1. Let me confirm one metric for peptide A:74-86, namely the mean number of other chain beta-carbon atoms within 10 Å of its residues' beta-carbons.
2. Once both axes come from the Cα atoms, what is the angle between helix A:354-379 and the longest principal axis of chain A, in degrees from 0 to 90, rounded to 10?
3. Take the Cα gyration tensor of region C:297-364, multiply each eigenvalue by 5, square-root it, and list the three semi-axes largest first, rounded to whole angstrom.
4. Using a label point 7 angstrom from Cα along Cα-to-C-beta, what distances in nm, from shortest up, separate residue A:245 from the other copies?
5. Please report, in whole Å³, the volume per residue of the convex hull around the C-alpha atoms of region C:254-412.
6. How well do other chains shield peptide B:366-378, expressed as the mean number of their Cβ atoms within 10 Å of each residue Cβ?
7. Counting only Cβ atoms, what residue of chain C lies nearest to the axis that sends chain C onto chain A, and how many whole Å off?
8. Highest first, please rank the peptides A:278-284, C:179-185 by the mean number of other Cβ atoms sitting within 10 Å of their residues.
């Protein structure tokens, strides 16, 4: 392993942010791509991205262009986007709908399941069977898509996550949703700083005025007031609210018991109560979409959140779902892709106003972009010294950096 | 030699496209610059680029800025564009016409043959004689300029090419032509993918509608229909056309026998017949220029094509000549420079319409740009596996990649 | 040390420009940042940049963002711009005025002297005292600010410079000035070529028409005419002018004896006489500012110039001061930052016209940018050979390159 990565990890102290070079060096980035993003289950979207047979979506991760496509058998599969003839991208556009996958270079024709069915001029001896598109592991967990670029994906890890998260996701019936909007944001920051920023709400008070109109200021792993009395009062108030709400969730069959990150879990699910009567992540707290998600007949003031290492967070309310994937571009550049999903029969302009639906998180993401960028810039200086995480408010960051450093240690 | 290059070449299999890293790595690019572009004869233009004494042209190849200049003795020479005082570029503009070469920094003055004739403030002991511009080997083959950046250029290779290609080029009297247009295109692809794309027409049918209005769909090394009967019919038809045309070529003194690439030749010349009565590479097949090239009194339905490794292709019709140089910029960026030459006394707007003259190849180059770019992008993925060349239609690519791999092996 | 740097320095010949790779390679740039810019005293501005208590200025040098801030005790200090919590930049804007330094991420609060005075949610055991902003050495020499990024700044070197330059600078009372304008110019050239260009005026005649309206064509270390008789006449004329002027300077208490660079001095101060009755660096030679600098009651036709290795030059006239800092961005990109300072009570539009004040040096800097850029481009070619400095006109360059090579040798 690279010396920079090795010596950095040797100086890591749990409970503190990472040694500088793990955030800023090209060496660490190369390591991250090879041993994190090409080894773990990466959230890349949902089944709503490819609703119909023949719908495809192209995703770029590091050097890899990947086609995600729904076959004639309704299976969603992934393939490297590289023709087996001369290597050209078979799908040039980012998304589309096609009966077959045809390479634009020399018109080699592939089925939606990746098998090659036609190529001209290749002579008698040429064998189509050995020339299908190279597949990539892709799994749906209640409609959430996770991809694994390893030649030997860790299926046990996937099945463990499935057993715990599928009930949460399945409740929302993602196969009956559509993508109302997708937004890409490029942040000039290392992907781990983008993820760390997402794992705490200590920064929310001063930075996210829109989000805090509907999100609770405390709890859900996000910390408490400094003052012991205030803290106790806040805890008691929140517990009372949960106690009153739980029967309703049980009644609707909604999973609500927290799935907490620990040394065996690289994922988390938590149902939280929105504040001040809010039922959606909007400026007025009211539903952004008139047609609620399939399981809901009435607005509900809870929000389900999920986080998975290394690259995702999701927020489910009664009217829409937000899914975010973090896709590293270089050691100091990260793509943050967010999708807003609504009921498939909701009509834009009639059932929802797009800017109302997306406003809170477009603002929040941009605020977080600034925070990640100034953190990256500050971590680059010779004055950077790994600082202490707040035990109260930043324990999920410690979980993330511990997990990340573990990935490195496994390579030693 | 670099390990990436060495191990890649070890896995090369003739008849298949190159191993991934030879297209995509910085290491292979550095090798290519050092051992291909700084060792071989590179096509950099024609004598029409510097028609008059004192005309100069600056060319950038990798780190090198090179001045090509016609001297008072009518010789065309090349020099590194670096003043012998403090190293400044002597020619700042890309082209011009000057009586002397004067460095703008401290006004050192060089003759057009590179010798230093004046410098102020350098004191008594300073010797102008030892401070001429550093020369670069440059040879004209019938007016086509080939440059060699090596300290010891391979003159035997040059003379061999001269003996075979000069008759073809000389027929067109390039000293009586001018450059009507020059177009630069930057392609986000490795230079070898740009060259490979140029060496086959298997992709033409689906990608080059303009070019195929006048170019033959088969033959000239570009392959045949899959169906054996169709192939036989196409071959017989083409042979009959050639048999009828050859006496005419003989009559005019036009060389027409193919010079085929083989293990000793890194160049190729082939005269082909345009289709459907076309006599030029235009949308309607009619001449783009009223005043035909000097040797022609009547339009002629043939086109001469030349290709030289590592970086050129040329197409000669009765009214204009097209010359293209491939100039690598980085492992994933390549400059493709195309010039259209017409008779020196042809007047734009009267004798030719520039957009009519250039349309077919501006479109064709842009279509090829897209193909090279999607190939580069696909070759970058972990799903890329070197694919088989079509024996029928891609044999010139195999010649190119074999030749290229030979250049590497010579360094082992 | 890196082999490229080591072998380059071995081939260095004093009196000639540097070996190619010292100008062009990433390796040399990394060395320069580590062993020149992080070891020596770097000119970064003046006390006029942060006039009031609470004024701050952020400077970027290589990977380092640095805060320069004036404290409540009127001391000007420097700190790494990186919060001790998670590393974020505490000052996001380039300049501003604040009562405290508050990190925008989680609102940690620092005094203007860098000490941490408040952080929430960090628990009982957290010790503010150990978490102040990391300081950077910063010294004022008569109001000129010099920064040193080393952990062990060479104070002896600083005090030596102070003893010789402070009298020159102090005369101008920089604490009573303000910054009228600041201009950043990014030059596509190595920083050493930018500095070398500044250290000679051999290029001025043909390149700086504006500057030469007021600057003398000869003397001040900038060389003489080639013709021995012309040289003698020019020297005699200049000496006579100085002899006539010196009593006036003595009368005003203005230091005027040249402080020459030699093997122990990395700085230089020279008072020169402007030409043709000029008293300022303007197109008409007249003062750009009606209110002269504090020590002047009448216009004065002299100009004080200072140069410090590795990165500064300054020009003081009776109405304004120009200070320039060279801040390398990469091996082929350099930021040149220039400030024009005038009396603090001078009012723009009334007492001075900004474009009149800045015109000469904005033009001059842009002309020098072009010269540095064509030199960098020419030095990149394989035709570059270190060329001889003019003993008459380029001796200060030799001093600079000798000094620079010495810095490398000290690491061997």
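1. Mean partner shielding for this stretch: 5.
2. Between helix and principal axis, roughly 90 degrees.
3. Result for region C:297-364: semi-axes of 26, 15, 10 Å.
4. In nanometres, ordered from closest: 8.0, 8.0.
5. It is 159 Å³ per residue.
6. 5
7. In residue-and-Å form, the answer is C:26, 7.
8. A:278-284, C:179-185
Read the figures in this text as sums done on the coordinates, not as results from a lab. Quantities reported herein were computed from a predicted structural model and do not represent experimental measurements. Because the Cβ atoms are built from the backbone with ideal geometry, glycine has one as well, and the counts that use them run over all protein chains shown.
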